[in-house]
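Peer 1: Have a look at the structure that comes next, please.
The values are calculated or read from the model by the stated rules, or taken from the named source; none is laboratory data. In this text, all values refer to a predicted model and were calculated from it rather than measured experimentally. Note that each Cβ is placed from the backbone with ideal geometry, even for glycine, and that neighbours are counted across all protein chains shown. We work out accessible area using only protein heavy atoms, side chains counted, and drop any ligands, DNA or RNA first. Shrake-Rupley method; radii C 1.70, N 1.55, O 1.52, S 1.80 Å.
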There are 4 protein chains.
Amino acid sequence: MAGSIFGTIFKISTWGESHGKGIGVVIDGCPAGLALDEADIQMYLDRRRPGQNKYTTARAESDSVEILSGIFEGKTTGTPISLLVRNQDQRSRDYGSISELYRPGHADYTFDQKYGFRDYRGGGRSSGRETIGRVAAGAVAMKLLAELGITVTAYVSAIGPVTIDRSHVDFSYIEKSKVRMPDSEATEKALAYLDACIQSQDSSGGTIECIAQNVPAGLGTPVFEKLDAVLAQALMSIGAVKAVEIGDGTTVSALHGSENNDAYTLNEQNRPVKASNHSGGILGGISDGSPLLLRASFKPTPSIAQPQSMLGRDGTIHRECIHGRHDPIIVSRAVVVVEAMTALVLADHLLLNMASRIENIKKIYRPSPCNSQTVISE
Amino acid sequence: MAGSIFGTIFKISTWGESHGKGIGVVIDGCPAGLALDEADIQMYLDRRRPGQNKYTTARAESDSVEILSGIFEGKTTGTPISLLVRNQDQRSRDYGSISELYRPGHADYTFDQKYGFRDYRGGGRSSGRETIGRVAAGAVAMKLLAELGITVTAYVSAIGPVTIDRSHVDFSYIEKSKVRMPDSEATEKALAYLDACIQSQDSSGGTIECIAQNVPAGLGTPVFEKLDAVLAQALMSIGAVKAVEIGDGTTVSALHGSENNDAYTLNEQNRPVKASNHSGGILGGISDGSPLLLRASFKPTPSIAQPQSMLGRDGTIHRECIHGRHDPIIVSRAVVVVEAMTALVLADHLLLNMASRIENIKKIYRPSPCNSQTVISE
Amino acid sequence: MAGSIFGTIFKISTWGESHGKGIGVVIDGCPAGLALDEADIQMYLDRRRPGQNKYTTARAESDSVEILSGIFEGKTTGTPISLLVRNQDQRSRDYGSISELYRPGHADYTFDQKYGFRDYRGGGRSSGRETIGRVAAGAVAMKLLAELGITVTAYVSAIGPVTIDRSHVDFSYIEKSKVRMPDSEATEKALAYLDACIQSQDSSGGTIECIAQNVPAGLGTPVFEKLDAVLAQALMSIGAVKAVEIGDGTTVSALHGSENNDAYTLNEQNRPVKASNHSGGILGGISDGSPLLLRASFKPTPSIAQPQSMLGRDGTIHRECIHGRHDPIIVSRAVVVVEAMTALVLADHLLLNMASRIENIKKIYRPSPCNSQTVISE
Amino acid sequence: MAGSIFGTIFKISTWGESHGKGIGVVIDGCPAGLALDEADIQMYLDRRRPGQNKYTTARAESDSVEILSGIFEGKTTGTPISLLVRNQDQRSRDYGSISELYRPGHADYTFDQKYGFRDYRGGGRSSGRETIGRVAAGAVAMKLLAELGITVTAYVSAIGPVTIDRSHVDFSYIEKSKVRMPDSEATEKALAYLDACIQSQDSSGGTIECIAQNVPAGLGTPVFEKLDAVLAQALMSIGAVKAVEIGDGTTVSALHGSENNDAYTLNEQNRPVKASNHSGGILGGISDGSPLLLRASFKPTPSIAQPQSMLGRDGTIHRECIHGRHDPIIVSRAVVVVEAMTALVLADHLLLNMASRIENIKKIYRPSPCNSQTVISE
């Protein structure tokens, strides 16, 4: 398998390259009866779109989605939903010069090693444009989750050395912030930092956090398909992510059990709650009903304008600059990709978990009392 | 799916509970012709075994593996390899008292939420004993990797606040260290720290690092099945892991592109190399031929002897101690589990990648020149 | 993948060879809460067991099953169920002589071509004993289906030229018949025919039919995973099956639409029914609530006592007899295998189909009204 | 999963409805380096296209394929290949009248049972147009097989009572025959028979046979993924197929082992061959190097112009005619679909089988002699 298919029941198959005819995704396994139109999807694609401000690539793309199948009279039919976004501003002339060079930090060398050659125009399949398929499918997953009141919200928590102040977090500010931080002061600092990066022909890494609320307890399974394990795959599969953390993440290794365990207690309504959420909403690979807390660390964009040492296909070293249009920071645009991947995992596990108990089966099927030869069931 | 199956071609199916009859794994998809006997597997199980010293649980288990199928005349036949380890020292009497209680940091509550009830004896399927299946299968994967000179080595890099000194790392010391650190000084400090933990009826988290060498370039695929993404799932699926990092991991978010990019250069033999390995051996989800660098953060063992606030099945809160035999630290025993999961991913992707190019296919099959009606191919 | 894993949610992984230590299966994905003990499984294994009469191999095996995991207090826990049957009467000395010969109609040649060598003792993995894993897992599937009143019944409809008389079918006779025909007269004729086969050192083919009743409408999906398509794979995967038919099967190609269409009508209770069931209970790949009708054609046992032309590994031709203990007919013992494979497909699709509609999801999960920070769901 | 994904390594995901915007397929896992352009695919789509003569539906569709991704400089890149065929002549006005009726022999009733409602225009996803995705993907598989000299040829062997005369088979006549029979006399008889069907407002069933030549020995696996089992799923998943046979098919049940076994012998070049091919090229689920022989029985088109008893959604019975444009026979157009499904299975198993032996792995990867810290492999 070429690895562009994800999920077990809610299964997506993405395709497309940066400078090909377009990008798309087929969703196989979305339940029937979900209200869905192009606006539901476009809303998310618009958040991912390039050209939002000077901190994102200037490539001009409307990224308009077309639903090609799977919807009838405004609802999903249960059959595959095919989504298409045509590429418009491809400018592949920018890339000819690097067809014989392997750029540092890019997949150029590894694609050639794997496939023998590569579509070198704009990163081909390893371009950030690949995430359009994820975001489009994620929008459908998000619509499905909304049926149960589940929400997924991501935001930028750090850009370079600038981190948000957790005592001033304001989720309503995320979409107002040019860098999608839930904190106006940190936003200002981050913009200043990015201006300096651009000035010095450099780029910056960053961190995205994601919180999913109202997730029912019981999602995920005890061994390889732990909910956190599948989320880790989902987030690490986003280009540039180098670390994935759940709950307290890397800090747990320095803690005592007495500090890290989330004690059970009763809340003001006398209902049982966890007094803390170090575990990030997952215990033993299964959701516990408290908010899911995820974090992903993104490396700095490898495309920088300053000269770098590149490797030629012939084994020689070249000091060259990368031309083309690139983001000095990608976390701001990747926020919606993190949401999408999280939503895709949750939607799939929501469906998978339905079959976990015999009593659930009996809620769906009515046992037949008799041997009803050719009688059609209702 | 209940999530106890892992891999695409080299596929494993694990089973078994802490206090059931045993633990095992079926490997479906191991190539034929690999020399394999029980000693190859026992060697790894022995490193995982409890009772190694006072820092691991006192449960007495020989963990002897029996190969039930798939081997003939000392070689794998290409058919499923079934491996069985019988449980011996089960002492399930220890656990009756907590059958109605949900322990903090454990999967008790989530199992009940998912399945309606649970095997409460020793954690059931979410016990650390579940990893026996992983380690046994991983040993077979390791044997396969060895055919190509690929090695996988993990070690403890931190226990609580004690971290190894990277200027004194000695891999040959790993198995000599009681806590599997490649550093004798850090080992001493860690043991002192653990003694204090035991004293205070507490436990400690820790960190494991893993390096895989001689991995061919080209493993992994560009989108969802990125090599790092699958490794992230593999490591995060180990109980207690809360973060997975590749290469420079979480630190990348604070870096510039000019710092994080691995420049290409020539080595002393005039062969092209990366001047650094911030990427941890993976670019665009595909191995680049340099060493794979992985890191996993483990939370402290949730079973601690001091009293904790637990939740009753009836919604009441109880202050209780957890009895039974538990490890104050699990990273030392988990080192071999990290190696096993890494080896399983590499073996699977080694096999998957064979089909990546048309020219590879022609190395395996000889094109037929004619329409050879009923002639049998040789 | 080596192809010993079957199913999507209700997933089984079988292992074992004819002359290895045993045969087994791991079931991953059985819902929690199903009452299950060894007797539930043994009942089916006993129907498959050799040595039932002179028409089956004389190999003496008790085929006693041991449940190794996945059951607690008499119920499935939702975790993998591992089932083991130890081999007893292996007599591998019988087979040494054919280690260098490829027997006609057997998999000897193809195993060597695929894997480079083979476990030649009694067919190894391609032995009929492989079906023990299928039958054991099928028994669990059957128990699950019984929760909804679904029944699966197979029987022999033809042995060589002897076919059952459809006007005298008596299902209660199946287990009384030495050849599992639901017709005493046909049984007598078939036994006479088989006596003649044995006399002439020959074997006979046969046909098995299977009917599944009370199957809910809606199982299966419209394209590649049509219920009939998956059943076709399931039945064709049984060794010796050369044809699979659904409903009217091969006869449909000679019919008109007006003859083959099942008209809708009302029954005596004024409920809508199909006036006929040519389609065998499946339309467009999805069950329609009427009985599923399946048929599988089995080739004659290739092991016959008379001399045959065999191929040596060295390319020479040898005229030899096959020694060992073999069934002159396998359909009688394969009846329970057909039931098992049918039950496995139905159980899996019963679980898969739960996720087909949004309204089903709402029967399982209660939408959350609020953002319940750390409140644990009940 | 909604079941529109097929294959393990060479994996396809099809989508689209009869009266939606189009039909398409994404191929994930085609090896890199295969020369491919739209003409390679169009060639097969043209053979499937409607409107070829009066025996096929009059719907006017050019069925022009567009390659949206996965090709660069005329070769496959190893990334997903997305293929799109826009629908043109949709005329959905024909179908409004039957939105509330379930037609006999169609999937109307079962779709409503499964999904709660359906896209009733022209069969929606269960339309014959769904096979466009299969044929387009099959064309790519065919191109891959051609690299090894493997050919796949299907033809009509029976229409209603008219069967080909096996002593006069002429494969070069298939595409000349209006019904794709390899026999001019049978073609004439079949056309006369179909004229009579049209006259009586009826339709006819038929049979397709398929032969694959130069298939290497070793494809397929011993248990559930037997080559014949996967082919059975593949063919049975084509709408209207009610039986799949391998080699001698249903006739084997009446035979003796001495008749059915294919004896080994030497051919004129003194090379070992099978003296016959009753097994149809597969033994124990694995190809033996002789031609693969497959047969599929198609039911008569359920859409007939004469009045039939239909079921209303409200449970009432209606005697109505089906309007719209339908084929009186579908086997002629389905020939290329059978070829496509066969090619898809063979391509996938060709790739899967590469990993069957350790020695194959060593043909692809060069073992590393040393621990090459950051040296890049070539």
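Peer 1: Please compute the contact order of chain D in relative form: average sequence separation of alpha-carbon pairs under 8 Å and at least six residues apart, divided by the residue count, as a percent.
Peer 2: 20 percent
Peer 1: Under unit Cβ charges (Lys, Arg +1; Asp, Glu -1), what dipole magnitude, rounded to 20 debye, does segment A:74-192 have relative to its Cα centre?
Peer 2: Using only the charged Cβ atoms, the result is roughly 420 debye.
Peer 1: What are the nm distances, shortest first, from B:S64 to its equivalents in the other copies, labels at 7 Å along Cα→Cβ?
Peer 2: Distances to the matching label points in the other copies: 2.1, 7.3, 7.4 nm.
Peer 1: Using only the alpha-carbon atoms, how far is helix D:38-48 inclined from the longest principal axis of chain D? Give it as 0 to 90 degrees, nearest 10.
Peer 2: Helix D:38-48 sits at roughly 40 degrees to that axis.
Peer 1: Right, another one. Assuming R0 = 51 Å, what is the FRET efficiency of A:E175 and B:A60, from their Cβ-Cβ distance, to the nearest 0.05?
Peer 2: Result of the calculation: an efficiency of 0.30.
Peer 1: Average partner chain C-beta neighbours within 10 Å, per residue of B:32-45?
Peer 2: Shielding by partners across B:32-45 averages 2.
Peer 1: While we're looking at this one, here's another question. If the cut-off is 20 Å between C-alpha atoms, which lysines fall inside it for B:K176, apart from same-chain ones fewer than 8 positions away?
Peer 2: The qualifying lysines are B:K54, B:K189.
Peer 1: Now a separate question. Can you give the mean number of other chain Cβ atoms that lie within 10 Å of the Cβ atoms in peptide D:268-279?
Peer 2: Taking the mean over all residues of the peptide, I get 4.
Peer 1: Additional query: Accessible area drop of at least 40 Å² (1.4 Å probe, protein heavy atoms): which residues of segment D:177-224 qualify, relative to the chain alone?
Peer 2: Buried by the other chains: D:D202, D:Q213, D:N214, D:A217, D:T221, D:P222, D:V223, D:F224.
Peer 1: Here's something else I'd like to know. Using only Cα atoms and rounding to the nearest 10 degrees, what angle (0 to 90) does helix B:227-236 make with the longest principal axis of chain B?
Peer 2: Taking Cα atoms only, the helix is inclined about 20 degrees.
Peer 1: Just to make sure I understand: if all protein chains stay in place, what is the order of D:D165, B:D183, A:D314 by accessible area at 1.4 Å, largest first?
Peer 2: A:D314, D:D165, B:D183
Peer 1: Would you please put D:229-235, D:297-303 in order of how densely packed they are, using the mean number of other Cβ atoms within 10 angstrom per residue and starting with the highest?
Peer 2: Per-residue Cβ counts within 10 Å, averaged per peptide and sorted highest first, yield D:229-235, D:297-303.
Peer 1: What does the charge dipole of segment B:290-329 about its Cα centre add up to, to the nearest 20 debye, if the Cβ of each Lys and Arg holds +1 and the Cβ of each Asp and Glu holds -1?
Peer 2: Magnitude of the dipole: close to 120 debye.
Peer 1: Work out from phi, with θ = phi - 60° and the Karplus expression 6.51 cos²θ - 1.76 cosθ + 1.60, the ³J(HN,Hα) of each residue of segment A:19-34, listed in order in whole Hz, and give x for Gly and Pro.
Peer 2: Whole-Hz 3J(HN,Hα) from phi for segment A:19-34: 10, x, 6, x, 9, x, 7, 10, 9, 10, x, 6, x, 6, x, 8.
Peer 1: Ranked highest first by average number of other Cβ atoms within 10 Å, how do D:187-196, D:77-86 line up?
Peer 2: Answer by packing, highest mean first, reads D:77-86, D:187-196.
Peer 1: While we're here: Along the charge dipole of segment C:5-371, Cβ charges K/R +1 and D/E -1, which of C:G239, C:P182, C:V169 sits furthest on the positive end?
Peer 2: C:G239
Peer 1: Would you mind listing the distances between the B:E175 label point and the same position in each other copy? Use 7 Å along Cα-to-C-beta, nm, one decimal, shortest first.
Peer 2: Here the equivalent label points are 5.6, 5.9, 6.5 nm apart from this one.
Peer 1: For A:N267 and A:R366 in one chain, what is 0.36 nm times their gap in residues minus the Cα-Cα distance, to one decimal in nm?
Peer 2: Full extension from A:N267 to A:R366 adds 31.8 nm.
Peer 1: Still on this structure: Could you report chain A's accessible area per residue, 1.4 Å probe, as an integer in Å²?
Peer 2: Ligands and nucleic acids excluded, the figure is 29 Å² per residue.
Peer 1: Taking H placed 1.01 Å from N in the peptide plane, check which residues at least 5 places from A:K226 or on another chain put their amide H under 5 Å from its amide H.
Peer 2: A:T221
Peer 1: Once phi is turned into ³J(HN,Hα) by the Karplus curve 6.51 cos²θ - 1.76 cosθ + 1.60 with θ = phi - 60°, what whole-Hz value does each residue of segment B:281-292 show in order, with x for glycine and proline?
Peer 2: Here the 3J(HN,Hα) series is x, 9, 10, x, x, 10, 5, 10, x, 8, x, 7 Hz.
Peer 1: Also, I was wondering about something else. Using +1 at the C-beta of Lys and Arg and -1 at the C-beta of Asp and Glu, which of C:I282, C:L227, C:Q306 has the Cα lying farthest in the positive direction of the dipole of segment C:196-340?
Peer 2: Toward the positive end, the furthest listed residue is C:Q306.
Peer 1: HN-Hα J couplings of segment B:255-270 from phi, Karplus 6.51/-1.76/1.60, θ = phi - 60°, integer Hz, Gly and Pro as x?
Peer 2: 9, 8, x, 5, 8, 8, 5, 8, 5, 8, 8, 10, 8, 4, 8, 6
Peer 1: Let me ask another. Tell me which residues come under 5 Å, amide H to amide H, from A:I317 once H is placed; ignore anything under 5 positions away on its chain.
Peer 2: Amide H neighbours of A:I317: A:G312.
Peer 1: Where nothing but the Cβ of Lys and Arg (+1) and of Asp and Glu (-1) is charged, how large is the charge dipole of chain C around its Cα centre, in debye to the nearest 20?
Peer 2: Here chain C has a charge dipole of around 580 debye.
Peer 1: Quantify how strongly other chains surround peptide C:151-158 by giving the mean number of their Cβ atoms within 10 Å of each of its Cβ atoms.
Peer 2: The shielding value for this peptide is 1.
Peer 1: Something else: Which angle between 0 and 90 degrees, to the nearest 10, do you get for helix B:184-199 versus the longest principal axis of chain B when only C-alpha atoms count?
Peer 2: 30 degrees
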